[in-house]
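Worksheet for the structure shown next.
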Amino acid sequence: MSAHSSSHSEAGFSLAEMLGIDPLWIASGILVLVYAVLITEKINRAILAMLGASLMVLFGILNQQQAVDGVDSNTLALLIGMMVVVAITSKSGLFQYVAIKSAKWVKADPTGILIMLTLITAVFSAMLDNVTTVLLIAPITLLITDALETRVFPFFLAEILASNVGGTATLIGDPPNIIIGSAANLSFNDFLYNLAPISAICLVVLTGIIYFMNRKELSKIPPEASARIMQFNEKEAITDKVLLVKSLAVLALVIFGFVVGHGYGVQPGTSALAGAALLMLLAYGHQHGEDQTESVHHIFGEVEWVTIFFFGGLFVIVAGVEQVGLLEYFGEKVLELTQGDMMWTSFFIFWASGILSAILDNIPFVATMIPLIESTADTFGGPDAIEPLWWSLALGACLGGNGSLLGASANLTVAAFAEKAKQPIGFLTFMKYAFPIMILTLMIANVYLWLRYF
């Protein structure tokens, strides 16, 4: 199989060897089982990933050290740091202010509001990450649609699509990009230079589609509903001006760290955690003993720990599958299929990640694909030569995340808000609108890949 296969015996005691089953079958079985249960949504994804990771170690596929090495700590640090920074910033009311201000800027015209919320979601998703963005935008959207007395579905659909398209543009916009950047050592600027142009093009197309899809329904909203929104006072949304200034200063520093840090060997995870620590110091450092502890405790409570543990477990599962040589085997098969041609390999990875990310969550899919792409480096002449493959994977996974509610974490986050508001988004209803739009953006992105890299 590969040199990998012989190394699991180094794990010492191995349940797989005791049972006389090839570790390849056990590792593959764990991966398939985790995926299968993940799709049913019957068991929380963090529980699943942690169980899968534990089984990889218990069966002796990986030893303890290999499991720890398999976890991409830069990705986890980046997510935790940004979640803390955003949680504190949101306490100042900045995001509510931006939403109300932009709604009034278009004179509370319902179609105008829909377009503005679409654009804001895309821009915020590029600067923060898309899960965080929808957590901030969804409650404001419900407030606005209540005032307009209209369905929230068109707005939530637009925001889900925009969050994935906007998140495509930067290293920190979408979790798959964070993982790819960390694994392939690509900087914040690399993502901006390679993916922001196509992200902007897709956003323009998406905005046009959203407008034509909803203009009839939204034009029926009575003028008095718009008048209610014009009465909102955006200044009241800002609850803490001092915190706002501190938050914006730290956010600017963190983004500066992303842009400049790579050249000095400072990973994005370090910049994000440093920013989180600094903002907590500025926001709560003046408080005394117990109050300060409580504030910090509260902010850490706002971190999406389910997502963090899901990632952690997932990295270990993928490390196990890589260890037994399964991904290398698939890598060889892909190269056989595309006859080692860079362009066709790139397109194959792009469409495979686009379609599969629509059905599966794009995070585990990307984590599985990374070692597979790395295994093609020798064929194409080294790690630098395979850069187009990374952009194909990132574009496919991020845009493909729009295909269904399962496609990306942001989609499920918005769906949870819709359910709470007693306006649930049906899986098939969402797919009916989102899947064709996803295919269209993939086709546009495919042309971009072809023109830019080949």
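Among the helices (runs of 4 or more DSSP H) confined to region 294-380, the ones with at least 2 residues that are modelled with pLDDT of 85 or more, under 30 Å from Ala283 (Cβ atoms) and open to solvent by less than 40 Å² (accessible area, probe 1.4 Å) are located at 305-323. The residue pairs whose first member lies in region 338-363 and is within 25 Å of Phe435 (Cβ to Cβ), whose second member is hydroxyl-bearing (Ser, Thr, Tyr) and buried (at least 18 other Cβ atoms within 10 Å of the Cβ), and whose beta carbons are closer than 6 Å, counting only pairs six or more residues apart or on different chains, are Ser346/Ser392; Ile349/Ser392; Phe350/Ser392; Ala358/Ser404. For region 392-404, does any single residue satisfy the condition of being modelled with pLDDT under 90 and either outside any helix (DSSP H, G or I) or surrounded by fewer than 19 Cβ atoms within 10 Å (Cβ to Cβ) (or both)? Yes, region 392-404 has at least one match.
For region 269-291, filtered to residues that are surrounded by fewer than 16 Cβ atoms within 10 Å (Cβ to Cβ) and part of a helix (DSSP H, G or I), the residue that is modelled with the lowest pLDDT is Gly289.
Going through (1) assigned to a helix (DSSP H, G or I); (2) of a type in the set (A, V, I, L, M); (3) open to solvent by less than 40 Å² (accessible area, probe 1.4 Å); (4) touching a residue at least 12 places away in the same chain (Cβ under 8 Å) one by one, Val37 falls short only on (4). Taking the conditions exactly as written (closer than 16 Å to Glu41 by Cβ and either of a type outside the set (A, V, I, L, M, F, W, C) or part of a helix (DSSP H, G or I) (or both)), does Asn411 satisfy them or not? Yes: the conditions hold for Asn411.
The values are calculated or read from the model by the stated rules, or taken from the named source; none is laboratory data. Model, not experiment: these values are computed from the prediction. Cβ atoms come from the backbone with ideal geometry, glycine included; neighbour counts cover every protein chain shown. In case anyone asks, the SASA skips ligands and DNA or RNA and just uses the protein heavy atoms, side chains included. Shrake-Rupley method; radii C 1.70, N 1.55, O 1.52, S 1.80 Å.
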